[in-house]
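In what follows, a structure is listed as C-alpha cells, so that the remarks can point back to it.
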Amino acid sequence: AAAVGGVYFTRAERIRTAVGEQRIVRLDDGSRVHVNTASSVRIAFEGDVRGVVLEEGEAFFEVAPDPARAFVVAAGDAEVRALGTRFLVRRADGVRVALAEGRVAVSAGGATRMLEPGEAVRVSGGGIGEPAPADIAALTGWLSGRLVFEETPLSAAIAEVNRYSRDPVVLAADGYGARAVSGVFETGDRAAFVSAVGALFALRAETLPDGTIRLSE
C-alpha cells in the first residue's frame, strides 16, 4: 500500500509526494488536502483568497466553509472555485475535476461549468467539456488505499497501477490493451494485479532484471 503521512501546513508551502507516497495536508483554515502519489501542490493563501496550485498529479480537497474567502484551486488552464465542499482534481492529459459534495465552479478559456455532486468535467487544449455523471467512489478509491477498476481498458489499468510503483508493469501482448478489467486492488500491490490479469487473460508474467514485470502471451 502507498505510504501515507499527515502534516500541518500554513499559508505558503509546497508539498511533493514521491512515487507510492500519499500525504494529508491540514491547512490553517481547517481545510484538508489529500495529496496522491507523484504529485506537487503549492499552498498560496493571501488576503481573501485561499489559493492552491496543483502543479502535477492529483489531490482531493475537503474545504472548510468560509463565505468571506473563496477556496480556489488552479491546475493547468483550469480554475476551480468553492466555498465549502469536497472535490477531486487530477492533472493527466488535461485536467479532470470530480465533485463529491457541495458545489464548485470550474473555469477555463473564458467558460465556466457548475458541478453538482456525482459529476465530473474535463479541461483540455480544446477547452472545457460538459459536466457528466462520474463514479466518485471509484475515482477516490485511492483515499483508502484502493484502486477501483470497472470495465477499465487493460492499458489504462496498467497505467494507473504504475503510478504507485517505480518498477512498472509492461504489456507486451498485441490486442489486449483495450480489453476490460474490473476489480479492486491495493495501491502499490503489483503482484495481486498481475496475478489477476494473468489469470483473466491467460497472460504470462516475467520479472525482468530491472524489476519491470512483462505481461505477454
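Roughly how far apart, in whole Å, are the Cα centres of the stretch 30-72 and the stretch 165-214?
Result: 34 Å between the Cα centres.
If you add up the charges near Val184, with Lys and Arg at +1 and Asp and Glu at -1, over every other residue whose beta carbon is less than 13 angstrom from its beta carbon, what do you get?
Details: positive: Arg146; negative: Asp135, Glu150, Glu160, Glu186, Asp189.
Here the count lands on -4.
For the chain, what does the helix formula give at 222 nm: sum of -39500 (n - 2.57) over DSSP H segments with n ≥ 4, over the residue count, nearest 500 deg cm²/dmol? The partial results should precede the final answer.
Numbers: 3 runs with 25 residues, N = 217.
The per-residue figure over the chain is -3000 deg cm²/dmol.
How do the peptides 80-88, 151-159 rank, highest first, by the average count of neighbouring beta carbon atoms within 10 Å per residue? All intermediate terms of the calculation are to be shown ahead of the outcome.
On the way: 80-88: 21.0, 151-159: 16.9.
Highest to lowest by the protection proxy: 80-88, 151-159.
With an 8 Å Cα cut-off and a minimum separation of 6 or more residues, compute the relative contact order for the chain in percent. The partial results should precede the final answer.
Details: 530 pairs, mean separation 26.9, N = 217.
Contact order relative to length: 12 percent.
Using θ = phi - 60° and the Karplus curve 6.51 cos²θ - 1.76 cosθ + 1.60, what whole-Hz ³J(HN,Hα) does each residue of the stretch 76-92 get, with Gly and Pro shown as x?
After applying 6.51 cos²θ - 1.76 cosθ + 1.60, I find x, 8, 9, 10, 10, 10, 8, 10, x, 6, 10, 8, 10, 10, 9, 9, 5 Hz.
Since every read-out is calculated from the coordinates, none of them should be taken as a lab result. Quantities reported herein were computed from a predicted structural model and do not represent experimental measurements. Backbone-built Cβ (ideal geometry, glycine too); neighbour counts: all protein chains shown.
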